[in-house]
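Okay, structure first, notes after.
The values are calculated or read from the model by the stated rules, or taken from the named source; none is laboratory data. Bear in mind the structure is a predicted one, so any value in this text is a computation, not a measurement. A quick note on method: Cβ atoms are made from the backbone with ideal geometry, for glycine too, and the neighbour counts reach across all protein chains shown. Surface accessibility is based on the protein's heavy atoms, side chains included, excluding ligands, DNA and RNA. Shrake-Rupley method; radii C 1.70, N 1.55, O 1.52, S 1.80 Å.
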Amino acid sequence: MEEVLALGQPLDVASEPTPITEKLVKVPGNFGDPLRALAALPGVLQPSESNGEPAVRGSSPDDNSYLIDGLPAGYVFHDFGNSIFNEDVIRDFGFHPAGFGARYGEASGALLDISLRAPRNEPRATTIDVSMLRAGVLLEGRITDKQAFYVSFRESLVHLLLASAYDEEERLEDDIAIDRYPRARDLQAKYSWRPNTRHDFSLVAIGSQDDAALTLGARSDTALVDPASRGAAATSTAFGSLGASWVYRQGEIAVTTRIGRLSRSDNQSLGGGNESLDLSLDQWTAKSQVELPIRRGHQVAVGVERREQAYDYAVRLRYRSCTAFSTGCDTTLADLTESDREQVISLTDVFLEDRWTPTSNLDLIAGVRYSHDDYLQRSFLEPRLAGSWRYRPRWALSASWGRYHQLPPIQQIVPVFGNPSLRPLEAEHFVLGVEHEISNDWSLKAEFYYKKLSQLVVEIQTAENYINDASGEAHGLELMLMRQNQSRWHGWATLSFARTFRRNGLNTQESRFDTDTPIIANLVLSYELTPTWTLGARWHYRSGMPYTPITGNEENPDFPGYYRPTYGGLNTERAAAYHRLDLRLERPIRFARAEGFFYIDIINAYGRQNTGAASYEPIP
């Protein structure tokens, strides 16, 4: 037999996106943004069109925690929708909707451990991304045989679209002058050095910025409810982070060490500068973990993490304590409060995890996580368990259970505005699943989950502002039927049944939570029309979101002659069902030495007029 020897650069899987990432990038209706496409997965809800943060399995978007290459993220979604990532640099999401293991903490809802792919060690190349919504450039390439890099920078073009669509007649009717249309910028850069097969060093830089400004006139809706808001208003959010990591591998032993610094700023002003918020965060994180076999069938991981968070805030606001149990937070305000302080919070976490594989069909994971913060002076010892059993050739059972906690938002625990004696929020997750490989092409998965929530925060009309006197629960069943890309088409269908409630211990009232959505369904398909043209479709349906109805209005006691709305029972009404069809047509393109692809996204193809909750419109 003739022998053929092929020489070439081996494929580095760390430099390529995972299959699920490639599929999510091409989900119609998300403009190539894979994080927004998470809403096409079971149990994931996108509560707002203008904000991409997901609500997962009955939790709030605020209950999620985000990591980028294992280090805390400032935020992962721009203020006005899309994620901060160039889709070409994401390798995997590490999406954990519930029941995640002991190596993760500081989340009572879902956790996203987003990993950026390694730079490709290839000749330098430039990728240009231009659409009606944004423009960006990605520069990537080899430095030496063992070093490579990439740098991505993007800027939104939404401000140009809004400027052309918002005409003078509309401006006069709304009595709002746009001083600075919403703009967003983001940066990702990564450097990789692999001196040999055992060592892997990398540096990662992430940056993002969002800002907008307008002037509210006396006849604007906001000023008619709150005359003190008249005048210039502005918002600006930004963060930058720099992280370094070292990974050492020797056989089945792996040591990972990371250190990073994160700086974030939030600046807001209202009423021509009469009210303002200037908040900055400077955070250092150092973490290390070791994975090693201890005896046959056992793989142990142990890790430690230390974070130092320095908050510096200068606030001048008519601040009212608000939680998920509050109504009329934007129309019922408190007296003007001022504060200028710095607060440092230190957190320490240690975890131990043992993965035991007694047989090829059985996989068991047991772990425990210890956490302590020196500000609220709380310590937690949280056990976590998980397992999977392939009891038949094409059938598998899985289960997980764990306890979790999360610090309340900073404004709820700092002096003057919050209660430094609050406890962290606590959660207990149960997940039970079954998966069936119907054939080589088809698979079916079903999961049942239950979340028990405690120590939730509710507002009170005392100097403390907040106390831990609420609880909640969420439960649901999720189904996912998937066809792999074995022929010209692939896709999946999901169906979720869920309910989520909250209980206010002060008045024993139980109510639907803001994200209570009994039914969510998705159908995602991709079909190769020809060798060059691909058609994609996504149909999305969900039950209407709950809302608190407006029952009338009353004279504003702070501003005689002005009125504000009055509200009925908390989340006692539900909006109409939401559904839409999105289409995507794509083909590769090649011109001289340049190659790429061209696509068209059509949002809401059949023109469904989806409505939201009732809103209050004052009459001048």
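It is to be established whether one or more residues within the range 317-334 are assigned to a strand (DSSP E or B) and among the hydroxyl-bearing types (Ser, Thr, Tyr).
No, because not a single residue in the range 317-334 is assigned to a strand (DSSP E or B) and among the hydroxyl-bearing types (Ser, Thr, Tyr).
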Within the range 440-453, track down each residue that is open to solvent by 40 Å² or more (accessible area, probe 1.4 Å), farther than 19 Å from Gly99 by Cα and in a strand (DSSP E or B).
Trp442, Leu444
Which of the numbered conditions does Ala125 fail, given that it passes all the others? Conditions: (1) more than 14 Å from the chain's Cα centre (by Cα); (2) at pLDDT 90 or above; (3) of a type in the set (A, V, I, L, M); (4) closer than 30 Å to Leu162 by Cβ.
(4)
Restricted to the range 346-371 and to residues being aromatic (Phe, Trp, Tyr) and either in contact (Cβ under 8 Å) with a residue 40 or more places away in the chain or over 19 Å from Gln455 (Cβ atoms) (or both), the residue surrounded by the most Cβ atoms within 10 Å (Cβ to Cβ) is Phe351
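Right, Tyr541: touching a strand residue (DSSP E or B) at 6+ places or on another chain (Cβ under 7 Å), modelled with pLDDT of 90 or more and either open to solvent by 60 Å² or more (accessible area, probe 1.4 Å) or part of a loop (DSSP other than H, G, I, E, B) (or both) or not?
yes
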Is it the case, given these coordinates, that Leu456 is surrounded by 20 or more Cβ atoms within 10 Å (Cβ to Cβ) and modelled with pLDDT of 95 or more?
yes
So Glu338 passes all but one of these: (1) outside any strand (DSSP E or B); (2) over 26 Å from the mean Cα position of the chain (by Cα); (3) exposed (fewer than 14 other Cβ atoms within 10 Å of the Cβ). Which condition number does it fail?
(1)
Of all residues in the range 403-433, which are at pLDDT 95 or above and either in contact with a Gly (Cβ under 6 Å, 6 or more places away or on another chain) or among the acidic types (Asp, Glu) (or both)?
Glu426, Glu428, His429, Val431
Taking the range 573-594 and keeping residues touching a strand residue (DSSP E or B) at 6+ places or on another chain (Cβ under 9 Å), more than 22 Å from Leu24 (Cβ to Cβ) and not aliphatic (A, V, I, L, M) leaves Glu573, Arg574, Arg590
Enumerate the pairs (first residue in the range 583-595 and closer than 30 Å to Leu523 by Cα and without any contact (Cβ under 8 Å) to a residue 24 or more places away in the chain; second residue anywhere and exposed (fewer than 14 other Cβ atoms within 10 Å of the Cβ) and of a type outside the set (Ser, Thr, Tyr)) with beta-carbon separation below 7 Å, excluding pairs fewer than 6 apart on the same chain, so at least 6 apart or on different chains.
Ile589/Glu595; Ile589/Gly596; Ile589/Phe597; Ile589/Phe598
Residue check for Ser615: surrounded by 15 or more Cβ atoms within 10 Å (Cβ to Cβ), in contact (Cβ under 8 Å) with a residue 12 or more places away in the chain and among the polar types (S, T, N, Q)
no
Checked the range 167-185 for anything in contact with an Asp or Glu (Cβ under 8 Å, 6 or more places away or on another chain) and under 30 Å from Arg154 (Cα atoms); matches are Arg180, Pro182, Arg183, Ala184, Arg185
Going by the structure shown, is Val130 at pLDDT below 95, within 24 Å of Ala594 (Cα to Cα) and touching a Ser or Thr at 6+ places or on another chain (Cβ under 9 Å)?
no
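Got a sec? Which of Pro54, Pro61, Pro47 is touching a helix residue (DSSP H, G or I) at 6+ places or on another chain (Cβ under 8 Å), surrounded by fewer than 24 Cβ atoms within 10 Å (Cβ to Cβ) and closer than 30 Å to Arg180 by Cα?
Being touching a helix residue (DSSP H, G or I) at 6+ places or on another chain (Cβ under 8 Å), surrounded by fewer than 24 Cβ atoms within 10 Å (Cβ to Cβ) and closer than 30 Å to Arg180 by Cα holds for just one of Pro54, Pro61, Pro47, which is Pro47.
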With criteria (1) on the phi < 0 side of the Ramachandran plot; (2) open to solvent by less than 50 Å² (accessible area, probe 1.4 Å), Asn553 comes up short on (2)
Extreme residue, modelled with the lowest pLDDT, among residues of the range 482-502 that are surrounded by 17 or more Cβ atoms within 10 Å (Cβ to Cβ), over 24 Å from Asn571 (Cα atoms) and in contact with a Phe, Trp or Tyr (Cβ under 9 Å, 6 or more places away or on another chain):
His490
All but one of (1) at pLDDT 90 or above; (2) farther than 22 Å from Gly240 by Cβ hold for Leu112, so report the exception by its number.
(2)
